[in-house]
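Visitor: The structure under discussion is supplied below as structure tokens; questions concerning it will follow.
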Amino acid sequence: MGGAALHDRYIQSCLGGLHVRVAGQGPAILFWPSLLMTGSMWADQARYFADRYTVILVDPPGHGDSQSLHRMFRFEDCAHSIEQILDSLGIERAHVVGNSWGGMIGGTFAALYPHRAGASVLMNATASPASTRQKVEFRLLTEIVRILGRFREPFATRAVKAFVGPTILRERPHVEQAIRAELGDLNVDSVYWAVNSVVPARPDQRELFGRITTPVLVVAGREDPTFPVAETELMADAIPGAEFVIMENTGHLAALERPDEVNALIDDFLKRHALED
């Protein structure tokens, strides 16, 4: 971490208590992970950036050490919770880096809170609603997992295959191990509400994203099993002036799979769009 230790904070929000970890000092970067993952997904980014930035790793609602979920939520609620995190930490504006769910919410936040948003890096995400097939499959999957009480096989393997492409499975087995560890710690009742809010109930955000006025980098993984490149590119096309990058040999969790390359992408983009005092 370059000498900067992560400090735990527990912040009340419209979606219950949220556990965040904060390190470093300087302009703020808030990191929000994918469904089924916690702020630990961004450990490599925290180590890389904490010597120059205030790094905020979020355990999203119902995940990790954040409070359990007991109801559905809207994407606007998630964006408002980012505002509440920043308020609690005394931070006026922050860059937001998000993956999948975090990428969607990063876009929502930039559209609804432009005065609080710096640059946004939206990775492996979409602005489109779920397909009918996704709605049916994910509702069924969450019902089964809820009944079973945890991600038993073959559902854990199915979740891994939704995240990781063939290159990473072959070359970096520790990524699959990290995902399985996260799955084993999940609160399945909370996951039920989170997944159904983010997948079957996901809104079409393309019109909303057309109102974004702050800098945005959209990143797609060539081997992303969940959001194909074409779908993520549609998201970039909806955002005025957005930059779009495709990472080769990369699946759905780019920051976990290829941390060095992701750190370089984020670093370059933030340097070009520094927060003004």
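Visitor: Restrict the search to region 223-266; then list the GluC sites (Glu not before Pro) that DSSP places in a loop and that have at most 10 other Cβ atoms within 10 Å of their Cβ.
Guide: Numbers: sites: E223, E231, E233, E243, E248, E257, E261; in loops: E223, E248.
When the GluC sites (Glu not before Pro) of region 223-266 are filtered for loop state and at most 10 Cβ neighbours within 10 Å, E248 remain.
Visitor: To continue, here is another question. Considering only DSSP beta bridges where both residues belong to the chain, give the percentage that are antiparallel (nearest 5).
Guide: Details: 11 of 34 bridges.
Percentage antiparallel, nearest 5: 30.
Visitor: Put +1 on the Cβ of every Lys and Arg and -1 on every Asp and Glu Cβ in the chain; which of V97, I85, G165 then has its Cα farthest towards the positive end of the dipole?
Guide: So the residue we want is G165.
Visitor: Further question on the same structure: Using only C-alpha atoms and all pairs of different ones, pull out the Kirkwood radius for the chain in Å with one decimal. Can you show the working numbers first?
Guide: Numbers: mean 1/r = 0.0545 Å⁻¹.
Final number for the Kirkwood radius of the chain is 18.3 Å.
Visitor: Taking amide H atoms as placed 1.01 Å from N in the peptide plane, list the residues 5 or more away in sequence, or in a different chain, whose amide H sits under 5 Å from that of Q12.
Guide: Residues meeting the criterion, in which the H sits 1.01 Å from N, are L18.
Visitor: Cα gyration tensor of region 211-263, axes a ≥ b ≥ c as square roots of the eigenvalues: rounded (a/c below 1.5), prolate (a/b > b/c) or oblate?
Guide: oblate
Visitor: By accessible area of protein heavy atoms, probe 1.4 Å, what ranking do S100, S88 get, highest first?
Guide: Working: S100 10, S88 55 Å².
If we order S100, S88 from most to least accessible, we get S88, S100.
Visitor: Name the shape class, rounded, prolate or oblate, that the alpha-carbon gyration tensor gives for region 46-147, where a ≥ b ≥ c are the square roots of its eigenvalues, rounded holds for a/c under 1.5, and otherwise prolate holds if a/b is larger than b/c and oblate otherwise. The partial results should precede the final answer.
Guide: Details: a/c = 1.96, a/b = 1.69, b/c = 1.16.
Taking the square roots of the gyration eigenvalues as a ≥ b ≥ c, region 46-147 is prolate.
Visitor: Using 0.36 nm per residue of separation minus the Cα-Cα distance, give me the extension gain between D8 and T213 in nm, one decimal.
Guide: So the chain would gain 70.6 nm between D8 and T213.
Visitor: Counting only other residues whose beta carbon sits under 11 Å from that of N263, what net charge do I get with K and R as +1, D and E as -1? The partial results should precede the final answer.
Guide: Details: positive: R47, R258; negative: D44, D260, E261, D267, D268.
Result for the neighbourhood of N263: -3.
Visitor: I'd like the accessible area for Y192: 1.4 Å probe, protein heavy atoms, all chains in place, Å² to the nearest 10.
Guide: 40
Visitor: Normalising by the residue count of the chain, find the relative contact order in percent from Cα pairs under 8 Å and 6+ residues apart. Show your work: numbers first, answer last.
Guide: Working: 603 pairs, mean separation 56.2, N = 277.
Over the chain, the number comes to 20 percent.
Visitor: Apply the Karplus curve 6.51 cos²θ - 1.76 cosθ + 1.60, θ = phi - 60°, to the phi angles in region 233-250 and return the couplings in whole Hz, x for Gly and Pro.
Guide: With the stated coefficients, region 233-250 comes to 5, 4, 4, 4, 5, 6, 9, x, x, 5, 8, 10, 10, 9, 9, 6, 6, 10 Hz.
Visitor: Excluding ligands and nucleic acids, what accessible area in Å² is computed for C78 using a 1.4 Å probe, to the nearest 10?
Guide: Taking all protein chains as shown, C78 has close to 0 Å².
Visitor: Determine how large the accessible area of K161 is when every protein chain is in place; take a 1.4 Å probe and give Å² rounded to the nearest 10.
Guide: Counting only protein heavy atoms, K161 exposes about 130 Å² to solvent.
Visitor: At what distance in angstrom do the alpha carbon centres of region 159-198 and region 41-57 lie from each other?
Guide: Answer, in whole Å: 22.
Visitor: Pull out a ≥ b ≥ c, the square roots of the eigenvalues of the alpha-carbon gyration tensor of region 174-277, then state rounded if a/c is under 1.5, prolate if not and a/b is larger than b/c, and oblate in the remaining case. Write out the running numbers ahead of the final one.
Guide: Working: a/c = 1.75, a/b = 1.28, b/c = 1.37.
Since a/c reaches 1.5 but b/c is at least a/b, the shape of region 174-277 is classed as oblate.
Visitor: On to the next question. Compute the distance from the alpha-carbon center of region 82-126 to that of region 234-277, in whole Å.
Guide: For region 82-126 versus region 234-277, the Cα centre distance is 14 Å.
Visitor: How large is the charge dipole for the chain, taken about the Cα centre, if only the Cβ atoms of Lys, Arg (+1) and Asp, Glu (-1) carry charge, to the nearest 20 debye?
Guide: On the way: 26 positive and 34 negative charges, 125 e Å.
Here the size comes out at about 600 debye.
Visitor: Need the full-extension length gain, L234 to S68, defined as separation in residues times 0.36 nm minus the C-alpha distance. One decimal, nm. Display every interim value, and only then the final one.
Guide: Values: separation 166, 0.36 × 166 = 59.76 nm, distance 3.30 nm.
Extending this stretch completely gives an extra 56.5 nm.
Visitor: For the chain, which whole-number percentage of the solvent-accessible area (1.4 Å probe, protein heavy atoms only) is attributable to carbon and sulfur atoms?
Guide: On the way: 5680 of 11270 Å².
About 50 percent, which is the carbon plus sulfur part of the accessible surface.
Visitor: Could you tell me what percent of the DSSP beta bridges with both partners in region 1-92 are antiparallel, to the nearest 5? Present the calculation step by step, with values, prior to reporting the outcome.
Guide: Details: 11 of 15 bridges.
Around 75 percent of the beta bridges assigned by DSSP in region 1-92 are antiparallel ones.
Visitor: Order T157, T132 by their accessible area, 1.4 angstrom probe, all chains in place, largest first.
Guide: Details: T157 40, T132 110 Å².
Most to least solvent-accessible, the answer reads T132, T157.
Visitor: Helix-only mean residue ellipticity at 222 nm, the chain, DSSP H runs n ≥ 4 weighted -39,500 (n - 2.57), per residue, nearest 500. What is it?
Guide: Numbers: 12 runs with 121 residues, N = 277.
One gets -13000 deg cm²/dmol as the mean residue ellipticity at 222 nm.
Visitor: Collect residues whose amide H, placed 1.01 Å from N in the peptide plane, falls under 5 Å from the amide H of G118; neighbours closer than 5 in sequence don't count.
Guide: A94, H95, V96
Visitor: Right, another one. Which Cα, out of N196, F244, H63, lies furthest along the positive dipole direction of the chain (beta carbon charges, K/R +1, D/E -1)?
Guide: Result: N196, furthest along the dipole toward the positive end.
The values are calculated or read from the model by the stated rules, or taken from the named source; none is laboratory data. Note that the structure is predicted; figures quoted are calculated from it, not measured. A quick note on method: Cβ atoms are made from the backbone with ideal geometry, for glycine too, and the neighbour counts reach across all protein chains shown. Surface areas here come from the heavy atoms of the whole protein model, side chains and all, with no ligands, DNA or RNA. Shrake-Rupley method; radii C 1.70, N 1.55, O 1.52, S 1.80 Å.
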